1. Can you name every residue in segment B:268-300 that is within 14 Å of chain A (Cβ to nearest Cβ), in contact with a helix residue (DSSP H, G or I) (Cβ under 9 Å, 6 or more places away or on another chain) and among the polar types (S, T, N, Q)?
2. Check whether at least one residue in segment B:344-361 is over 28 Å from residue B:238 (Cβ atoms) and away from chain A (no Cβ under 12 Å), and report yes or no.
3. Any idea which of B:15, B:68 is within 9 Å of chain A (Cβ to nearest Cβ) and surrounded by 21 or more Cβ atoms within 10 Å (Cβ to Cβ)?
4. Scan segment B:1-44 for residues that are of a type in the set (S, T, N, Q) and within 20 Å of the chain's Cα centre (by Cα) and report the count.
5. Scanning for something farther than 27 Å from residue B:16 by Cβ, away from ligand 1 (no atom under 16 Å from the Cβ) and either facing chain B (nearest Cβ under 9 Å) or buried (at least 19 other Cβ atoms within 10 Å of the Cβ) (or both), does segment A:20-40 turn up at least one residue?
6. Collect the residues in segment B:156-180 that are over 24 Å from residue B:274 (Cβ atoms) and in a strand (DSSP E or B), keeping them in residue-number order.
7. Could you check, for segment B:227-244, whether at least one of its residues is surrounded by fewer than 19 Cβ atoms within 10 Å (Cβ to Cβ), touching a residue at least 24 places away in the same chain (Cβ under 8 Å) and under 21 Å from residue B:292 (Cα atoms)?
8. Determine which member of the set B:320, B:356 is part of a loop (DSSP other than H, G, I, E, B) and surrounded by 15 or more Cβ atoms within 10 Å (Cβ to Cβ).
Amino acid sequence: MPKVTYISHTGESTTIEVAVGTTAMENAVRNGIDGILAECGGACMCATCHVFVDPAFLDRLPPIGEEQEEMLGSTFEARQPNSRLSCQIEMRPEYDGLIVRMPARQT
Amino acid sequence: MDRVVIVGGGQAGLEAAAALRAQGYEGTVTLVCEEPHAPYQRPPLSKQFLLGKQDAGSLPLRAVMFYEKHRINLILGDRATEINRGGKRIHLAGGGSLAYDHLILAVGARNRTLPVDGREQVVYLRTLDEAETLKQRLTEASSVAVIGGGFIGLEVAATARKLGKMVTVIEAGPRLMARAVSPLLSEFFLNLHLAHGVAVRLNASVDAAAGADLVVAGIGVIPNMELAREAGLAVANGIVVDEYLRTSDPDVFAIGDCAAHPNRFAGGRTRLESVQNAVDQAKCVARTIAGEPTSYGDVPWFWTDQFDVRFQMAGLGAGHDLHVARGSIEDHKFSVFYFKEGRLLAVDSVNRFGDHVAARKLLTAGTPLTPEQAVDESVDLKQLATAHS
Ligand SMILES: Cc1cc2nc3c(=O)[nH]c(=O)nc-3n(C[C@H](O)[C@H](O)[C@H](O)COP(=O)(O)OP(=O)(O)OC[C@H]3O[C@@H](n4cnc5c(N)ncnc54)[C@H](O)[C@@H]3O)c2cc1C
Ligand code: FES
């Protein structure tokens, strides 16, 4: 199972093993990781699951879809080139080791 | 120490508990949930969960460890039966009682049911337990009658159809989702369902469900307001609250599906049934209780997924005197803008994500938009929204 590391804005790091096909958001919630709120439950409607993807992994992720592209315009912390909505990152074996940093605030 | 008791562990109750801690509230927080499950999401129940694409394990809004870490006392499977406002205490069906300094009623709503006439086989959908039953019954049925052409009925119809069932939607009124959308959208969704092989009977009686293997009813909800009423709090199609979400007792608040609140987008008092309203009212009440009185004024938004359509709504369109469309209805990519006396009220979008996001911003900021600008694709709505915010 691929591993994902979540790093909070204060530098606290948590690494978990996740099932292929589940989203980075859903694993954060299931594991009680603060910093991802996911108010809409992964429907790409709230932008409170915003993360900054470690640049080393950016080119492995699929291109940002139209819905995500638009919703990224509503994040609380300003969008960066490596901004993603974690509910739209569906885990694949080749993302093993993925590192995402969480913003100080989601709302 | 200050004590907050929250009655109801739906999304509103959970988000209020979480938001109190996020606000730095240091008192005790207790969340009383009638259901046996820790707070979970309802939207997937008629969508991905029913379809079998999402398992029950992904529904909880927070993990068990979250409650421990944030000192939220979670009481499951017990129900508040009485509020003693004089003594500032609530009583539970299980025999216990809880003292409060601030009480938040997040008791939600329950399904309206059909008059019983031998139709006890009718299935309803609000809770996870009901969703499990419906999911099981769906595997055994080959024909499904859905009574009620509202959002939930139509989502269930679309899901059942995707699962290969013969589906009939039975709607008493002349058009679909009449309470929430304009005739233009009702017509669009009628055609969408017909194109996917759903039979739709408008102006029909429940008798049209006869013979179906499975009958599901989604005919609206009734706000849970008995607890409040018996405690002498004002109720009227919901628990009546002011702009701070306070009931007629300043120590008692009501939020989410049960709260009849003044809403600047409705131009009066209303009750909304949406994730947005549950979450934003929860955050608002948490700020107020944490010492920063905050009035509720967030822009309403909602979504529904049916077949290949993502439908998003921003604002409240009731009472509009003009509507214009942007984009292409044939291509299933368009938005409808609603105006009243020249002022933008709401935007409904079909697979037009950018319009929806821009609409939320325009409505939040009160940015003026003319119907001419709305239909003109060369006008960049996002830019307009950013320029004014
Ligand atoms: C199938 C379905 C699909 C939906 N899809 C969408 C969607 O796509 N988009 C969207 O925006 N919204 C959707 N909604 C609406 C959204 O889920 C609700 O608006 C939201 O859940 C309301 O949250 P709430 O906490 O106010 O109320 P509820 O979710 O009703 O929660 C209230 C809780 O309080 C409990 N309770 C009641 N009385 C007591 C008592 N006396 N003591 C203790 N506990 C009590 C109830 O058992 C319940 O668990 C959907 C709803 C359903 C049912
Ligand atoms: S969880 Fe709401 S957009 Fe990702």
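The values are calculated or read from the model by the stated rules, or taken from the named source; none is laboratory data. Model, not experiment: these values are computed from the prediction. Heads up, the Cβs are rebuilt from the backbone with ideal geometry, glycines too, and the neighbour counts pull from every protein chain shown.
1. Correct list: B:274, B:277, B:281, B:294.
2. Looking for residues that are over 28 Å from residue B:238 (Cβ atoms) and away from chain A (no Cβ under 12 Å), one finds at least one in segment B:344-361, hence yes.
3. B:15
4. The qualifying residues number 2.
5. Yes; the residues of segment A:20-40 include at least one that is farther than 27 Å from residue B:16 by Cβ, away from ligand 1 (no atom under 16 Å from the Cβ) and either facing chain B (nearest Cβ under 9 Å) or buried (at least 19 other Cβ atoms within 10 Å of the Cβ) (or both).
6. B:166, B:167, B:168, B:170
7. Looking through segment B:227-244, at least one residue is surrounded by fewer than 19 Cβ atoms within 10 Å (Cβ to Cβ), touching a residue at least 24 places away in the same chain (Cβ under 8 Å) and under 21 Å from residue B:292 (Cα atoms).
8. After applying the criteria, what remains is B:320.
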